[in-house]
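Below is one structure, written out as structure tokens; comments come after it.
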Amino acid sequence: MAKAPKPLIAGNWKMNGLQRDLGELRKLIAWMRGASPSCDVMICPPATLISDVKSLVTGSRIKVGAQTCHAQDSGAHTGDISAPMLKNAGASAVIAGHSERRADHKESDKQVRAQAEAIHRAGLTAIICVGETAGERKAGKALKIVSAQLKGSLPSGATARNTVIAYEPVWAIGTGLTATPEDVARVHRHIRTRLGALMPAGEGGKVRILYGGSVKPENAATLMGVANVDGALVGGASLKAKDFQGIISAYV
Ligand code: 13P
């Protein structure tokens, strides 16, 4: 069996955060100095705060990510931001295919794959999100949906170094509903197996598979203890230092 990958706890701030809110990040940085968790920690602020966050975390162990990007490196795309621009601002990773982008902006697997390719071209890590809706789950299609999203969204150049997968069941995002450890174990095991088939030999076992969806300090240790769960992608609970620290503490 492959050695378990180093876990990653990533906070996705979504469309939240002004410069005046950065005090929470200062608290997190101070706490991290003493806590020395055995996982990597990342903050994915809105694009407007990437360079502020990068300045603050420099010298700490916290990494900076972005939440989406355009599939092209530059061009006439008013309002869009490219992977090289995000890198230039201080990001080392970019989330691709979050369910909110798939729903709000009708992003398809094909587009997500093109974004992931752009992220890789820029030398950044792609955090590719997959996950079924409540209806798909009810219809017993969760594994089928996740398989199709993985096949459609994962670029051929994906490796364990440049790619992280986040399993985020749509019905568990921002709802307070969390998948049971059994649900999570079943889907993560399935993702691990699929990655083994889709990626070059040996890579699938080393890719980090994060769980996301109402992760809180109260459920983090249980969820992070599930086989094939290599960390979390955290929304709401990443906005307050105390809550995010409580989640990172699953690895302290
Ligand atoms: P919540 O933690 O707020 O449920 O959000 C999860 C998520 O979508 C992270 O990307």
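Once both labels are positioned 7 Å from their Cα atoms along Cα-to-Cβ, the gap between Met15 and Ala103 label points is 1.3 nm.
Within the chain, the percentage of alpha carbon pairs spaced more than 27 angstrom apart rounds to 30%.
Near the amide H of His70, under 5 Å away, which other amide H atoms are found, from residues 5 or more places off or on another chain, if H is placed in the peptide plane? Close amide H contacts, sequence-distant or interchain: Ile81, Ser82, Ala83. Amide hydrogen proximity for Leu8: with H placed 1.01 Å from N in the peptide plane, the residues at 5 or more positions away or on another chain lying under 5 Å are Asp40, Gly231, Ala232. In order along region 213-224, the Karplus-derived 3J(HN,Hα) couplings, from 6.51 cos²θ - 1.76 cosθ + 1.60 at θ = phi - 60°, round to x, 6, 6, 9, x, 5, 10, 4, 4, 5, 5, 6 Hz, and Gly and Pro are given as x.
If we count every other residue with Cβ under 14 angstrom of Leu124's Cβ, Lys/Arg +1 and Asp/Glu -1, where does the sum land? Before the final figure, lay out each step's value.
Values: positive: Lys54, Lys63, Lys87, Arg121, Arg161; negative: Asp73, Glu117.
After counting each charged neighbour, the total is +3.
Just to confirm a number: summing +1 for Lys and Arg and -1 for Asp and Glu over residues other than Trp171 whose beta-carbon lies under 12 angstrom from that of Trp171, what do you get? Every neighbour counted, the sum reads -2.
Counting neighbouring beta carbons within 10 Å and listing from fewest to most, the residues Asp230, Asp73 come out as Asp73, Asp230.
Let a ≥ b ≥ c be the square roots of the eigenvalues of the Cα gyration tensor of region 1-147; is it rounded (a/c under 1.5), or, if not, prolate (a/b larger than b/c) or oblate? All intermediate terms of the calculation are to be shown ahead of the outcome.
Values: a/c = 1.73, a/b = 1.26, b/c = 1.37.
Oblate.
Cross-link partners of Lys106 among aspartates and glutamates, defined as those whose alpha carbon lies under 18 angstrom from its own and excluding same-chain residues fewer than eight positions apart: Asp80, Glu132, Glu136, Glu168. Could you grab the relative contact order for region 1-43? Cα pairs under 8 Å, six or more apart, rounded to a whole percent. Relative CO of region 1-43 lands at 74 percent.
Can you classify region 121-252 as rounded, prolate or oblate using the Cα gyration tensor, where a ≥ b ≥ c are the square roots of its eigenvalues, rounded means a/c under 1.5, and otherwise it's prolate if a/b beats b/c and oblate if not? Let's see the in-between values first.
Working: a/c = 1.77, a/b = 1.26, b/c = 1.40.
Oblate, because a/c is 1.5 or more while a/b does not exceed b/c.
Ordering Glu117, Glu107 from the fewest to the most neighbouring beta carbons within 10 Å gives Glu117, Glu107. Of the residues Met85, Met15, the one with the fewest other Cβ atoms within 10 Å heads the list, and the complete ranking is Met15, Met85.
None of the figures in this text is laboratory data; all of them are computed from the coordinates on show. This is a predicted model, so every value here is computed, not measured. Every residue, glycine as well, gets a Cβ built from its backbone with ideal geometry; the counts of neighbours run over all protein chains shown.
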